[in-house]
Amino acid sequence: MTITISMGGGQKVKSAYKFIVDTLCREYGMFQLPTAGQYQRRMYLTELANYLLQVEDMERQLDIVELSFRYIDRSIRKYDYLQKQGADEKADDAINELNVRLKEHGIGFQFVEGEIVRVDSELIHSEAVKPALWLLNEKNYKGAQQEFLSAYEHYRHGKHKEALNDCLKSFESTMKSICDKRKWPYPQNATSKTLIQTCLNKDLIPVFWQQQFSLLRSMLESSIPTGRNKLGGHGQGTTPVAVPDHLVAYMLHMTASTLVFLTTAEKNIA
């Protein structure tokens, strides 16, 4: 992948590279990023670019990309580097190009909603994961969105049990947010089963559809919560429980599809 870095913007650009390098150094416990070159004075762009080209740890490569594009997504939009092109448009163009390049080179990640997320199935990602993140971007669902992104972050780092736990948290938070938005009462310590029943009782699924969706409750009660409970939510005993990578991917996609269904159904309630 060829990376082109604009040198426009003067002091703002320099402060951006300094922020990225300082953040990485703090996370990695370093005074500065190790590179082959020696410099009389610190040049943050050169330090960052050389480290990206030299480091062999893929997780650190992704950290650099994620942090850099998160800065573009959240900070660059606040001001213009070039008068001919707005900051929002320039940020969107950069993110779109990154995702095109990642896809073009067969790298199984995309930058979505400020995070590098793993993409195991292009179809499921486009039809479930991205819509879920978009629907959860509303103020009411911020907690659920954060938990769903956290599940993806754990999945990316191979923390499968933590990913399952956050899947369930996001699922429950979405239902609680719907209940709060609609002022539907539910117990303070409500479990997913109780929340599902509340949503069904309040016709989140229309009455004339409930017979057709007779297995929906069984699916919701047995899929996301059960997967988490059996594999990630309780003590594993004397024999460690291994959670297969493909199963976690399945649970993430199932969670995304369920969140899309619930939030879309809420929008269509009269």
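The values are calculated or read from the model by the stated rules, or taken from the named source; none is laboratory data. Here the structure is a predicted model, which is why all the values come from computation and not from measurement. So basically every Cβ, Gly included, is an ideal-geometry build from the backbone, and we count neighbours across all protein chains shown.
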Those residues of segment 135-151 which are surrounded by fewer than 21 Cβ atoms within 10 Å (Cβ to Cβ) and either within 11 Å of the chain's Cα centre (by Cα) or not in a helix (DSSP H, G or I) (or both) amount to 137, 138, 146, 149, 150
Extreme residue, surrounded by the most Cβ atoms within 10 Å (Cβ to Cβ), among residues of segment 153-185 that are aromatic (Phe, Trp, Tyr) and under 17 Å from residue 141 (Cα atoms):
171
Return the total of residues in segment 113-153 being modelled with pLDDT of 80 or more and of a type in the set (Ser, Thr, Tyr).
3
Condition test on residue 66, is it more than 24 Å from residue 93 (Cα to Cα) and among the acidic types (Asp, Glu)?
no
When you scan segment 90-112, how many residues do you find that are part of a helix (DSSP H, G or I) and either surrounded by fewer than 14 Cβ atoms within 10 Å (Cβ to Cβ) or at pLDDT 80 or above (or both)?
14
Residue pairs, Cβ under 7 Å, 6 or more apart or interchain, first in segment 12-28 and free of Cβ contacts under 8 Å to residues at least 40 places away in the same chain and crowded, with 17+ Cβ neighbours inside 10 Å, second of a type in the set (Asp, Glu) and part of a helix (DSSP H, G or I). List them.
21/47
